[in-house]
Amino acid sequence: MSKLENILSQQVKSAVKELYGIEADDKMIQLQKTRPEFEGNVTLVVFPFVKAARKAPAQVATEIGDWLVNDKIVNDKIVNKFNAVQGFLNLSIADSFWLGQLEAIAADENYGQLQRPTTNDQRPLMMVEYSSPNTNKPLHLGHVRNNLLGWSIAKIQEANGWKVVKTNIVNDRGIHICKSMLAWLKFGNGETPESSGKKGDHLIGDYYVRFDKEYRKQVAELMANGMNEETAKKEAPLMKEAQAMLLKWEQGDKQVRDLWAKMNSWVYAGFDETYRKMGVSFDKIYYESNTYLEGKSEVEKGLAAGQFYRREDGSVWADLTKDGLDEKLLLRSDGTSVYMTQDIGTAKLRYQDYPIDKMVYVVGNEQEYHFKVLSILLDRLGFPFGKELVHFSYGMVELPNGKMKSREGTVVDADDLMEQMFADAREISKDKVNTLPDITDEEANEIARKVGLGALKYFILKVDPRKNMLFNPEESIDFNGNTGPFIQYTYARIQSVLRKASLSGEAGLTVQRSDSVAVQQQSGLNSKELALIQRLADYPSVVRQAGDDFSPAVICNYAYALACDFNSFYHDYSILNEPDEAVRALRLTLAATVAKTIRHAMDLLGIEVPDRM
């Protein structure tokens, strides 16, 4: 609840007690933003008081409004006008309150951060898992959305008072890894990142695609000789070799393990470079190769306890039909584990490592079934955190020509995408950047990096995360409309104003009470100034909503609306050329506070804002 809502709530409680003898609780005080077609800032719903008052809704609204306005309150009188529309009381808040709000916001360097760390940090702990790459291919556009959502959710939850541990589980073992390894052995001729000039993850990804190409040929040949497709896929020599390699890996075969370690090291170096470029990181990285044995151990315990059962071929299954699901494979007939086994082990290790209060998995909506099953299995195995897992299910990123397929090489590579965004930003902003005094190539490139990456991040995060989205690079980098560059440019415009104010010898950018009084005595705040202050006052509740909803899109919508409000104000009113000193000081403070809030909001999205553009 905001400061305004707190004050109004207490005043309304006093009003209805004196007027009607009602002891109102918080649930009875229903406050909401006044609709645009009516005058006012806040609307009180008066229907909860009508029965006890034994009067018509419009009369009750008028009586409460009159009480709030006409000297019934000695301290903190903030309502200066009202209008009653049936059972709704529209309240206009005095300029003095909004000026006080601006003072407080301007003075708070951490404005919007709802709870800050203390020396004895007692914040609850949330673990957020995101990225979850496979070491058989580079990161692609789908991973970009995953990483950006995970990073932003972690930042937003920190602003909401959580201590957050950001984690990554790397899927570094399994049949898909063996496919790349086998293809490199057969077709690689000893190629390395150094010899090829390729990033390690790109090099290994090429061999994953090569495996699929050769495997398809074999399947087609078998089918041409009369074998049905399902059998051909199982009997293809390459697939049998990959499965044999996986079994050797799980048995600890030194030759296979050494090759695996070497090729994975190439991939990790590539991943690290991509993460740095993207601006994301992790506090703890888990590896499936270190967690799957824990999972197998728990499955075997569950098997001994009768929680699971073994089929004739030796495979282990969980019967989930009583939970409205089906049967789930946990161990293959050859004893090798599956993703579910690994996730059981990873969950166990995480709760051993950290006192987690909430575990959040940032994983696409294609895995909703997987996490339903995981929650049930952990609960069956006796882990108290099983039912408390949160699957943050987000929609897929789609292209104009359909879904991406890694094994067919039709993905949008994350590195290529970011480089193209930087190049596009450099080209589009060239005319703007070249007008800056003393701009160096290094600074121009850094601005292009921030703008290009900001465009990409904002375009992805502004969409409701639970919806599928169509990625459009050209639309994302527009300097007009609901884009990252538009908001970044608004911030840079404010910084330019503040630099000019500093060079002209303007006093410190803090609204003083004398300034507030002077502004009020002159003509009061204009509508654009009021709109900006009110928008600023909304920010903490926006951060709270984004945390409750796990939605960076809420922050995006707010940052865009704030930037639009400022540009509308800047278009209509002068700041530096305002002749009245008190009004000029007020507007400089307002501009600086808008910039600070934009910077904080964009930081929650993982977006940098350049001082010059």
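The values are calculated or read from the model by the stated rules, or taken from the named source; none is laboratory data. Remember, it's a predicted structure, so these values are computed and weren't measured experimentally. Please note: Cβ atoms are built from the backbone with ideal geometry, for glycine as well, and neighbour counts cover all protein chains shown. The accessibility values were calculated without ligands, DNA or RNA, using every heavy atom of the protein model including side chains. Shrake-Rupley method; radii C 1.70, N 1.55, O 1.52, S 1.80 Å.
Accessible surface computed residue by residue for the range 300-369, with neighbouring protein chains in place and a 1.4 Å probe, gives 50 Å² per residue.
Over 19 Å between C-alpha atoms is what I'm after, so list which of K254/K296; K358/K387; K430/K450; K155/K372; K179/K217 land there. Table pairs above 19 Å Cα-Cα are K254/K296; K155/K372. Under 18 Å of direct C-alpha separation, and excluding same-chain neighbours fewer than eight residues apart, K233 reaches these aspartates and glutamates: D212, E214, E221, E241, E408. Distance from the C-alpha centroid of the range 142-168 to that of the range 537-613: 22 Å, rounded to the whole angstrom.
With the convex hull drawn over the C-alpha atoms of the range 544-597, the volume per residue is 72 Å³. Computed on the range 13-106, with alpha-carbon pairs under 8 angstrom and 6+ residues apart, the relative contact order is 27 percent. Comparing T274, L238, F38 along the charge dipole axis of the chain, the residue lying farthest to the positive side is L238, per the Cβ-charge model. Taking the protein heavy atoms of the chain in the context of the full set of protein chains, the accessible area attributed to carbon and sulfur is 47 percent at 1.4 Å.
Helical content of the chain, expressed as a calculated mean residue ellipticity at 222 nm, amounts to -18000 deg cm²/dmol (DSSP H runs of 4 or more residues, -39,500 (n - 2.57) each, divided by residue number, nearest 500). By DSSP, the beta bridges lying fully in the chain are antiparallel in about 50 percent of cases. Amide H to amide H distances under 5 Å link G364 with Y394, where only residues 5 or more positions off or on other chains count and H is placed in the peptide plane.
Projecting the Cα positions of P355, T341, L374 onto the charge dipole of the range 306-399 (unit charges on Cβ atoms of Lys, Arg, Asp and Glu, taken about the Cα centre) puts P355 furthest along the positive direction.
Legend: translational diffusion of the range 116-216 by Stokes-Einstein, Rh = Kirkwood radius over C-alpha pairs, 20 °C, 1.002 mPa s; D = 134 µm²/s. Heavy-atom accessible area for Y111, with the other protein chains in place and a 1.4 Å probe, reaches approximately 30 Å². Between E475 and Q10, the contour length at 0.36 nm per residue exceeds the alpha carbon distance by 162.7 nm. Taking the Cα centre of the chain as origin and assigning +1 to Lys and Arg Cβ atoms and -1 to Asp and Glu Cβ atoms, the resulting dipole is close to 840 debye.
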